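The structure under discussion appears below in the form of structure tokens.
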Amino acid sequence: TRHLLGIKNITEKDIEKIFETARYFKEVINRPIKKVPSLRDVTIANVFFENSTRTRLSFELAEKRLSADVINFSASGSSVKKGETLLDTVNNILAMKVDMLVMRHSSVGSPHFLAKHIKANIINAGDGTHEHPTQALLDCFSIQEKLGSVAGRKVAIIGDILHSRVALSNIFALQKLGAEIMLCAPATLIPKYAKDLGVKITYNVREALRWCEVANVLRIQLERQQIKYFPSLREYTLYFGINRKLLEELDKEIIIMHPGPINRGIELSSDVADSPHSIILDQVENGVAIRMAVLYLLAQSN
Ligand code: CP
């Protein structure tokens, strides 16, 4: 395949190949000389129509570690503000002899649309509420690294599932790798199609925590919420917020994950986010190796 548009259309074998390559690159970037010449003379544009800290910086670092030439584009401050279309913007960037495009956009399906119109490899860095494939890959890679396997593991995804691209990509990736999944949120934040995804669903955070080995806690995405009956943030924290006291009720330790950015004190308390059971910064570290692997493997397909 020439693109990474989502997890839905890749196979378990593809994911294992990405993990094997990422393990190699993780070792490389822990050496004193972190750079390899694998993508020398390849030019990559990071095109971000939505805000990002982790994804954008980790793609840029991954590209530089692979010796690619890198250009960065943010919609804010660009001629998008003068009305230029997505396709015109991208075609102008590609006219500068760009080989690969990493794109984040608020519209569901925008990288799939571009894939029909342009020749460059496209990597989806998040399309609206749809998919965020490299996040799911780094999440599953981090679970495998921590627990030795993903198959058979019980993973609860707790938070704003409705507006989360991380949730959908995680569901696809975890299922392909053989994990069991439970979604946990207020009913207003679980999409209707969730019942057809082959996952367990609960509205009780204690039930999710008692069941799981890993809790992937998601951000409440206020910027995307338009529904009327959402519990207030105070109610959300009261009924669904993960804190030390809740975890102390369990007779086991669970692994805490979060894709970031965290709303501290809302979906996750600081004493949990910063506890030894949190692998949140390991996820970020693994993001660079995963993105190096994806870029390297897609470049091979050209
Ligand atoms: N996890 C994630 O996508 O973070 P950013 O929005 O900061 O890239």
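What do you reckon, is Thr188 β-branched (Val, Ile, Thr), assigned to a helix (DSSP H, G or I), in the same structural domain as Asp139 (by TED's automatic domain parsing) and under 24 Å from Ser107 (Cα atoms)?
Working: β-branched (Val, Ile, Thr): yes; assigned to a helix (DSSP H, G or I): yes; in the same structural domain as Asp139 (by TED's automatic domain parsing): yes; under 24 Å from Ser107 (Cα atoms): yes.
Here the answer is yes, as Thr188 does meet what is asked.
Restricted to the stretch 80-133, and to residues that are more than 24 Å from Asp41 (Cβ to Cβ) and acidic (Asp, Glu), which residue is farthest from the ligand (Cβ to nearest atom)?
Among them, the one singled out is Asp88.
May I ask you to verify whether Lys146 is closer than 27 Å to Met292 by Cβ, out of contact with any Cys (no Cβ under 6 Å at 6 or more places or on another chain), of a type in the set (Lys, Arg) and assigned by TED's automatic domain parsing to the domain that holds Arg206?
Against the criterion (closer than 27 Å to Met292 by Cβ, out of contact with any Cys (no Cβ under 6 Å at 6 or more places or on another chain), of a type in the set (Lys, Arg) and assigned by TED's automatic domain parsing to the domain that holds Arg206), Lys146 qualifies.
Is there any pair linking a residue in the stretch 198-214 that is farther than 18 Å from Leu168 by Cα to one that is modelled with pLDDT of 95 or more and assigned to a helix (DSSP H, G or I), with Cβ under 6 Å and at least six apart or on different chains, and which?
Listed by first residue and then by second, the contacts come to Val205/Phe240.
Can we say Ala95 is farther than 20 Å from Asn302 by Cα, small (Gly, Ala, Ser) and out of contact with any Cys (no Cβ under 8 Å at 6 or more places or on another chain)? Steps first, answer last, please.
On the way: farther than 20 Å from Asn302 by Cα: no; small (Gly, Ala, Ser): yes; out of contact with any Cys (no Cβ under 8 Å at 6 or more places or on another chain): yes.
Here the answer is no, as Ala95 does not meet what is asked.
Do any residues in the stretch 51-67 that are in the same structural domain as Tyr24 (by TED's automatic domain parsing) and free of Cβ contacts under 8 Å to residues at least 40 places away in the same chain have Cβ atoms under 8 Å from those of residues that are more than 13 Å from the ligand (Cβ to nearest atom) and not polar (S, T, N, Q), where the two are at least six apart or on different chains, and which pairs are they?
Within 8 Å, the pairs are Glu60/Val70; Lys64/Lys35; Lys64/Val70; Ser67/Lys35; Ser67/Val36; Ser67/Pro37; Ser67/Leu39; Ser67/Arg40.
Could you grab me the full set of residues in the stretch 253-294 that are farther than 23 Å from Arg23 by Cβ and free of Cβ contacts under 8 Å to residues at least 24 places away in the same chain?
Within the stretch 253-294, Arg264, Ser270, Ala273, Asp274, Pro276 qualify.
The values are calculated or read from the model by the stated rules, or taken from the named source; none is laboratory data. Remember, it's a predicted structure, so these values are computed and weren't measured experimentally. Quick reminder, even Gly has a Cβ in these numbers, built from the backbone with ideal geometry, and neighbours come from all protein chains shown.
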